[in-house]
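Derivation of every value follows stated rules applied to the coordinates shown; laboratory data play no part. Quick caveat, the model's predicted, so the values are computed rather than measured. We place every Cβ from the backbone using ideal geometry, glycine too, and count neighbours over all the protein chains shown.
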Amino acid sequence: MASVIPRLKCFALLPAIVLFAALPAHGLFKAKAGSKAAERAGAVLFRDKGCAHCHGVGGIGTQKAPSLVDLRKNKLWTPARITDQILTGGQKMPPFSDSVTDEEAAQLVAYLRAKHRPVPPPALPTHQGQT
Ligand code: HEC
């Protein structure tokens, strides 16, 4: 008889597991491109992958590279074209396909197209002095 109890518990858990598996499909836990989480991840990548080195903090532009502040409003810069620019580079911009994954590129695009660009949290102590 005792062995039945754990089995019952197992059955009780099943609906919970099914529910959890189904939730992301409904978009409740959306953490992919276009979400706030993706925008925040992109903000950190923009700083840590060296984009800010040329494009300036927050993408305000420097002598090395143009401002990316109004990219969101520029209809020519579709998400696909921005992704392409990041991965294959431009005339003076190097390609980042070796150091940026497809998912990271999507997060960078989410950041660059964000209505209110998030400010990345302070870099970890080990990163200090490297930028
Ligand atoms: C070595 C300097 C440099 C770095 C690093 C760099 N860029 Fe660029 N980027 C440029 C230059 C210069 C341009 C202008 C077009 C060209 O020459 O490719 C540009 C253009 C762009 C554009 C198109 C906007 C426009 O108006 O032309 C986007 C989007 C962009 N960069 C995003 C990024 C992202 C995201 C990163 C980091 C993964 C990055 N860049 C890193 C130099 C750089």
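Here is how the numbers come out for the structure above:
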quantity: Mean separation of Cα contacts under 8 Å (6+ apart) over length of the stretch 36-121, as relative contact order %; calculated: 42
quantity: Ranked by how many other beta carbons lie within 10 Å on average, peptides 103-109, 47-53 from highest; calculated: 103-109, 47-53
quantity: Residue-count net charge about R72 - beta-carbon cut-off 11 Å; Lys, Arg +1, Asp, Glu -1; calculated: +4
quantity: J(HN,Hα) series, the stretch 89-103, from Karplus relation 6.51 cos²θ - 1.76 cosθ + 1.60, nearest Hz, glycine and proline x; calculated: x, x, 6, 10, 7, x, x, 10, 4, 7, 10, 10, 7, 4, 5
quantity: Spin-label pair L76/K92, simplified geometry with 7 Å Cα→Cβ offset, distance in nm; calculated: 1.6
quantity: HN-Hα J in Hz across the stretch 80-85 - Karplus 6.51, -1.76, 1.60, θ = phi - 60°, x for Gly and Pro; calculated: 5, 6, 5, 4, 5, 4
quantity: Net charge of neighbours whose Cβ lies under 14 Å from the Cβ of D98, counting Lys and Arg as +1 and Asp and Glu as -1; calculated: -1
quantity: Non-local Lys pairs in the stretch 36-121, i.e. 8 or more apart or on different chains, that have alpha carbons under 24 Å apart; calculated: 15
